[in-house]
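The values are calculated or read from the model by the stated rules, or taken from the named source; none is laboratory data. Predicted, not measured: the structure shown is a model, and the values here were computed from it. With ideal geometry, Cβ positions are generated from the backbone for all residues, glycine too; neighbour counts draw on all protein chains shown.
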Amino acid sequence: MEEYRTEEEQVEALRRWWDENGRSTMAAIIIAVSLAVGYQTWKGNNASQQEQASDLYQAVLQTVGNAQASPTQQQAGIAIAEQLKADFGSSTYAQFAALHLARVAVESNDLVQAEAQLRWVLGQADKGSDNAQLAQLRLARVLAASGDNDQALAILDSQEQGTYQASYALARGDILLGQGKSEDARLAYADALTLAAANPGQVNLATLQQKLQSLNPVPQRELDLPQSEEPLPAAAVEVVDEAVTLDGEEG
């Protein structure tokens, strides 16, 4: 009987606990299960969306800007890219597609369309991300090509340069050189060269060095002549004059 009473007391205690806590416990279990199911569903949907976005982007690469694609295929590719932007705008693939469209627009000298595509990327990409930095850099060059040098330089002077610092400095030098500011351009190129040495692979070093060398003043070499109180013979003067001419030609 003692054991029976003990079991009854345990059952009664369990019943009281359930009356007090059962509903909240079940609610917590239901919420946890719902979250787990929801996460798995979202994960599956997200993976499916990423796959669809990837397929669309591959279609864009095979048509837009492809020299072997017909004009009809090119237009179809542009339509696919716009669909990718509309349906999967938050995906990286959509941003890649817009960057691709911007490049093709620049090649077609459609700077208005290029600017629109790049600004779309900036509106979608996370601030400070590689895509945002690249879009910003290309937008600066497009604006400079359109004649808006001040806004282009303002973009390049921003702090969101990330791993593209050398490319930003190179673009700044090109814009300044186009404005006729040779000394400022030389300093920008020198800055780009320093940054490129610390982060190789950003710019074409050979081209950058050529640009910098073209702006570096070449000191004139002086011809050391013997000091003499007597005037040089006419033949000697001719030789000296010829030497100076040749020296100038070499420099």
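Here is a check on your reading of the model: is residue 185 part of a helix (DSSP H, G or I), over 18 Å from residue 156 (Cβ atoms), hydrophobic (A, V, I, L, M, F, W, C) and not assigned by TED's automatic domain parsing to the domain that holds residue 137? Spelling it out, it is not the case that residue 185 is part of a helix (DSSP H, G or I), over 18 Å from residue 156 (Cβ atoms), hydrophobic (A, V, I, L, M, F, W, C) and not assigned by TED's automatic domain parsing to the domain that holds residue 137.
One line per residue, one yes/no per condition, for (1) hydrophobic (A, V, I, L, M, F, W, C); (2) touching a helix residue (DSSP H, G or I) at 6+ places or on another chain (Cβ under 6 Å):
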{"residue": "119", "(1), (2)": "no, no"}
{"residue": "122", "(1), (2)": "yes, yes"}
{"residue": "127", "(1), (2)": "no, no"}
{"residue": "135", "(1), (2)": "yes, yes"}
{"residue": "156", "(1), (2)": "yes, yes"}
{"residue": "165", "(1), (2)": "no, yes"}
{"residue": "175", "(1), (2)": "yes, yes"}
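Residue by residue, here is whether (1) modelled with pLDDT of 85 or more; (2) of a type in the set (Gly, Ala, Ser); (3) over 30 Å from residue 107 (Cβ atoms) holds:
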{"residue": "7", "(1), (2), (3)": "no, no, yes"}
{"residue": "10", "(1), (2), (3)": "no, no, yes"}
{"residue": "13", "(1), (2), (3)": "no, yes, yes"}
{"residue": "27", "(1), (2), (3)": "no, yes, yes"}
{"residue": "52", "(1), (2), (3)": "yes, no, no"}
{"residue": "65", "(1), (2), (3)": "no, yes, no"}
{"residue": "69", "(1), (2), (3)": "no, yes, no"}
